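Below: the structure, in structure tokens.
The values are calculated or read from the model by the stated rules, or taken from the named source; none is laboratory data. Just so it is clear, the model here is predicted, and its values are computed rather than measured. Cβ coordinates were reconstructed from backbone atoms using ideal geometry, including for glycine residues, and neighbour counts include every protein chain displayed. Quick note on the areas: whole protein, heavy atoms, side chains included, nothing else; ligands and nucleic acids left out. Shrake-Rupley method; radii C 1.70, N 1.55, O 1.52, S 1.80 Å.
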Amino acid sequence: MGRMKRGKGKKKRGGGNKKSSRQPASCEDSEGSGVNGNSQPGYVPADIDTPPRFGIGTRVEVMCKREEGIVCNIGMVTGHWKRSDDWPEDLVAPYLIRLDNGHPVFVLSDTEESIRESDAPRRELRFKLGDRVSCKVGDNDDDWSDGTIIKLWYTNAMAFAEDHVMPYQVQLDTGNQIYAPVDVEEFIVRATSPPPECWICFDNELSESNLIVRECACRGGSNGFVHINCLVKMAKTKVEDLRIQGKDVNPDDGVHPCHQCITCYQPFGGGSHCRAALAKVFYETYKDRDISDFWNKEATTKYARVLARDGRHGEALHLLRERIYRLRFAIEQGLIVREDVTQWKQDLANFLFDLAVVYEGIGSLPEMKTALDEALSIIDSCGGFRPDINATALQLMAKYAYESGDKNGALAYFNEASSLMKMIGGEDDASTLLSHGNLNLECGNKELGLEQLSQGVQRWTRVYGKDHSTARIANEYIQEIERGSMDKMPSRGLTVTL
């Protein structure tokens, strides 16, 4: 994810990521780090099994105690089930709020006395969804590029601090997506050029509810640009055709229409608008089918991952736990025919892996370890060795070890997972190589780490092209690491953030 440039010169980048310094301090000091239970009126410990009342992006009032009495702060929900690294393990906040004054606060209690919805207007932005704009994208005076506003008040925990909210996300006509850090003419102005045409309907009219984006690897002219609604409609038709034929994917090209581009075959990224829209429709279409149905399992998994990626951890937990309970109950009660038991157990293990990822996202390491342990036990009970499933398990164990402070243990898990992938003729994807390379750098293996980072960027470039903003930024990071001005690529845990 690129960002717009401010005139000449580049902002110096720091080396790697730093642990959060936010504390559950008194709300009296909102410029500090957040809220603790003692400073919230009507404090009641939050139940992680209950989804928070207010969704991401909701305008809220946060009530805090001060010497002069109860004070109301206005802001926006930017995260669910968040915690600071130095909190006790059992302390998790149902809300992370970005106040209108720019400061983040945690809210530990989901009660009307602590937090409630606000009708206070947010600062008015100059542009709305679907507006055509021109953005500053380089250091030179003529480095401007036209595009379309595709999201307002944009948050992305993988690209920048999770409590930061940017005014705009913009789909450039070149194919890249960037964000605007501030709403000023120095960065973004109105444009009059028409948007690219949708490759499905050949129309370029768009609206707030039907944007045109390009989030695959198609390149050249308007190739790959598509109305989100056109893409969803086409995917629903193709999936239903495959279901009727009894096929999991297209037998001619192996394409999964609800998460891949049917032209370039590239999967839509986890945080993309296309992936989110397809996953939601996919889930709504097949959620009521029997839990043994392939499309039901696929839809549930993909939608849970989208929810977690969007910071909607409470909803993801609820969805996965409900599915895990039903699978576990059917297996334990012997409700499955003998020849299907192994497959059901493997499905249960995969859902537990997804559950572990959600727990990692909210910093609940004990629950993450419990989910992983059960999944690994189930895999062992199946009797057969599955390199693909075992590689997934090892990568998750690497994340757990890393978050627990055991970097060398995490590296050992990563090395073993990589070996398993090679055993089955596969290869690590770009994000895995970047994480593996960063970890080697942290463990003092600079030469191997840089080699893996370079391989990861090459694979990304092979798909999206050398001019893609992510590839350019990643190559800049590698050069700074080689010069010694950075220790590693910026990351959130083991995940590299670009």
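Quick rundown of the values:
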read-out	value
First in region 481-496 and over 19 Å from Ala430 (Cβ atoms), second anywhere and open to solvent by less than 20 Å² (accessible area, probe 1.4 Å) and not small (Gly, Ala, Ser), Cβ under 8 Å, 6 or more apart	Asp487/Ile481
Residue list for region 422-469, filter: surrounded by fewer than 19 Cβ atoms within 10 Å (Cβ to Cβ), in a helix (DSSP H, G or I) and at pLDDT below 80	Lys422, Met423, Arg462, Val463
Verdict on Asp85 being at pLDDT 75 or above and at negative phi	no
Region 329-357 - residue that is over 13 Å from Ser292 (Cβ atoms) and free of Cβ contacts under 8 Å to residues at least 24 places away in the same chain and, of those, least open to solvent (accessible area, probe 1.4 Å)	Gly334
Any strands (runs of 3 or more DSSP E) falling wholly within region 68-119 and containing at least 1 residues that are over 19 Å from Leu317 (Cβ atoms) and open to solvent by 30 Å² or more (accessible area, probe 1.4 Å)	69-79, 95-99, 115-117
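Conditions (1) closer than 30 Å to Asp86 by Cα; (2) in contact with a Lys or Arg (Cβ under 9 Å, 6 or more places away or on another chain), marked per residue:
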position: Met423; (1), (2): no, no
position: Ser431; (1), (2): yes, no
position: Leu434; (1), (2): yes, no
position: Glu447; (1), (2): no, no
position: Glu451; (1), (2): no, no
position: Tyr464; (1), (2): no, yes
position: Arg483; (1), (2): no, no
